[in-house]
1. Consider B:T215 against the criteria (1) surrounded by 24 or more Cβ atoms within 10 Å (Cβ to Cβ); (2) in a helix (DSSP H, G or I); (3) more than 9 Å from chain A (Cβ to nearest Cβ): it satisfies all of them except one. Which criterion is unmet?
2. Restricting to the range B:344-355, name every residue that is part of a loop (DSSP other than H, G, I, E, B) and either of a type outside the set (D, E, K, R) or within 22 Å of B:F251 (Cβ to Cβ) (or both).
3. Could you please find all residues in the range B:59-110 being out of contact with any Pro (no Cβ under 8 Å at 6 or more places or on another chain), buried (at least 22 other Cβ atoms within 10 Å of the Cβ) and not hydrophobic (A, V, I, L, M, F, W, C)?
4. If I go through the range A:143-169 residue by residue, how many of them are exposed (fewer than 14 other Cβ atoms within 10 Å of the Cβ) and either among the charged types (D, E, K, R) or over 17 Å from A:F103 (Cβ atoms) (or both)?
5. Let me confirm something: among B:I465, B:I481, which residue is over 22 Å from the mean Cα position of the chain (by Cα), surrounded by fewer than 21 Cβ atoms within 10 Å (Cβ to Cβ) and hydrophobic (A, V, I, L, M, F, W, C)?
6. Identify, from the list A:L25, A:L61, A:L65, A:L35, the residue that is away from chain B (no Cβ under 13 Å), surrounded by 15 or more Cβ atoms within 10 Å (Cβ to Cβ) and either touching a Phe, Trp or Tyr at 6+ places or on another chain (Cβ under 7 Å) or part of a helix (DSSP H, G or I) (or both).
7. Filter the range A:80-94 down to the residues that are surrounded by 15 or more Cβ atoms within 10 Å (Cβ to Cβ) and in a loop (DSSP other than H, G, I, E, B) and list them by number.
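The values are calculated or read from the model by the stated rules, or taken from the named source; none is laboratory data. Every value quoted in this text rests on a predicted model; they were computed, and no experiment measured them. Don't worry about glycine lacking a Cβ; one is built from the backbone with ideal geometry, like all the others, and counts go over all protein chains shown.
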Amino acid sequence: MTTTMHGAIAPSETTHHPDLRLFGLIVFLCSEGMLFFGLFAAYLTFRAVATEWPPEGTPELELLLPGINTIILVSSSFVIHQADEAIKENKLAAVRGWFLATFVMGAIFIAGQVYEYAHLEFGLTSHLFGSTFYILTGFHGLHVLIGLTLIAAVLARSLKPGHYTEHSHFGIAAASIYWHFVDVIWIVLFLLLYLL
Amino acid sequence: MTQVIPHYPVGDAQPNRTPWWTYFTFSTDHKVIGIQYLVTTFVFYLIGGALAAIIRTELATPDSDLMPPEWYNGMFTMHGTVMIFLWIVPSVTGGFGNYLVPLMIGARDMAFPFLNALAFWMIVPGAALLMGSFFVGPASTGWTAYPPLSILTDQHAGQIMWIFSLLIIGTSSILAAVNFVVTIWSMRMPGMKLFDMPLFCWATLAAAIMVLTSTPVLAGALILLSFDLMGGTNFFNPTGGGDPVVYQHLFWFYSHPAVYVMILPVFGIISEVLPPHARKPIFGYKAIAYSSMMICALGLFVWAHHMFTSGTPDWLRIFFMVATLLVAVPTGIKVFSWLATLWGGKLRLESPLLFGVGFISMFVVGGLSGVMLGSAPIDIHVHDTYFVVGHFHYVLFGGSVFGIYAGLYHWFPKMTGRMFNEFWGKVHFVLTFVGFNLCFLPMHILGLMGMPRRVAQYDPQFTTINQICTFGAFLLAISTIPFLINAVYSWLWGEPAADNPWQALTLEWTTSSPPHPHNWEGEPVLESGPYDYGKEYSRSSSRH
């Protein structure tokens, strides 16, 4: 084997490679976004095909509570972003504070969602609007719960000394990207279900 | 922040033979995982093939006399599901992709080895669910599971198991695709630009993007379907205000791209197999690379050509018809490039190239009948007839399976470190080629005569042609025997293979056969372009 060819490369860097987990997560979230895209498309088609939408007798959706919930969730994205900035200056205490705040905001969102479910006059099987409403919000709620789990896991890990540093903080970045994803999905969902 | 891979002790007596039990463990080595995929999926191919043989036996006579018609429905449903989700998709992506991509781009492994192993082992519960449904009455509404049929089915438990099995296998497929995109994009050895990659990597990248885009939409459809089955909703049930056509859209938004997921990596295999066995550079490297990406983009916008008879409005039919016919352009670019690669080459007509050339000829037949079916006026006449069955077996068997065989023969020396028996390889090719055409060519005639698909009974006027098909199917079943014996015998006792028995130029041939656990004992060296045959390594001056 001749290694004298021009253009031949024998680098040692191939045994190491940069941390690609964030790239992987973003690719995965693009894919997961397609799940919601499919459900949104189904919702819009059901709506377009139906003779009357929402079906006769469906009460107007209350906007106040979901509106407040939306404001809380959207703001929480800015809150968690502060943690992302703080870790770059190695301020671990600040990270914990921002994550805790995000967790509380997410929990309030879920509580609001549960309250809304309990007080709605229609159920999953009442009619097509009810079915799509519960499936879409339910699936999103499930993602919020996963996001809360991630945030809790980061909080727990941050107690280990030296786990997150300014140079190594994949967990923090991942949890916050996931949280932004959940947030963006909710904005589309809110527009489709409540406002459109 | 870097992940450091520990160095491996070198120089033991048989350093690179992987002990057999490794293949039954949660290994994170991409080569082990690749072979795990290839062997596992081949077992499912045999199971799916056995189901096909039973189906063809039933169809040897016009009456439904071998088994009750409900059983027959379960048989063809399972046949389709197993062949697509447990054989071709995981074999061409998980199997060849995992084994070859890191070796071809000069990487030590995939970007996420643990995720890779996880994706493979998810196939096990997924397949167990699917196979287990035989004991509760398998799903019997076709691999498409169209509602309202699939909602009103008697085989409730089987249908639910079918749904969950597909959700698990689909997730596995998504995780594998994440790995491919990140690995191909970020793990190429320094100096290897995108357009220095072997074409198999381009094809795998395109297929992975399609998996990522479309599989979640199928998951959405299946989740809604499972709520209809178990949760009392009526998404797809017209009697409850739902719309079954929405399911068809969601289903085909995945399932049409799925055919490209099954064929794009095989296009890649053929682009790798032809040049070394024709001793010529590939013709139109960039055209083939771009055409993979073009198929990836166009292929996402053609799904409703499966629904020309579903009350689709005319303007939508015309849009999807034109989009479908457009896919023939990048596909044609590939076929012409392959032919030009073969043209004037010093052909080494051994098993890999025989299956490669078999692939091109059979795939073109399937591609042409695909153009016919893509035209709404013809499709409306032959929809749900045996013409469609003939067509998709030409692309999936004559295309994908022939390509898989070409790849298996081509990389067998690299994977096992031993040569296969060429004589039995040729016997295998002849039996497969003859059996395949006897089985599937007459189906086009049956379809044009009006024989519907998915029926256990048929009009006695179709008997003779059906019997030819059945004879061909048996020949196909027999054809796997020489392959299996050859593969097992050669793997154990075959003549030891050289590192580069085909004098090929892609990177996987620069390491030992089988490769070192970390792919190269030292560092991989990029000496020439992947296809610079007869160019005296002119790559450096022309491209840098």
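1. Just one mismatch for B:T215, condition (3).
2. The answer is B:G344, B:G345, B:L347, B:L349.
3. B:T81, B:P90, B:S91, B:G94, B:G95, B:N98, B:Y99, B:P102
4. So the answer is 8.
5. Step by step, each of B:I465, B:I481 is checked, and only B:I465 is over 22 Å from the mean Cα position of the chain (by Cα), surrounded by fewer than 21 Cβ atoms within 10 Å (Cβ to Cβ) and hydrophobic (A, V, I, L, M, F, W, C).
6. So the residue among A:L25, A:L61, A:L65, A:L35 that is away from chain B (no Cβ under 13 Å), surrounded by 15 or more Cβ atoms within 10 Å (Cβ to Cβ) and either touching a Phe, Trp or Tyr at 6+ places or on another chain (Cβ under 7 Å) or part of a helix (DSSP H, G or I) (or both) is A:L61.
7. Selection gives A:K91 alone.
Per-residue answers, yes or no, for (1) at pLDDT 95 or above; (2) more than 11 Å from chain A (Cβ to nearest Cβ):
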site: B:F180; (1), (2): yes, no
site: B:T183; (1), (2): yes, no
site: B:P190; (1), (2): no, no
site: B:W202; (1), (2): yes, yes
site: B:G220; (1), (2): yes, no
site: B:D243; (1), (2): no, no
site: B:V246; (1), (2): yes, no
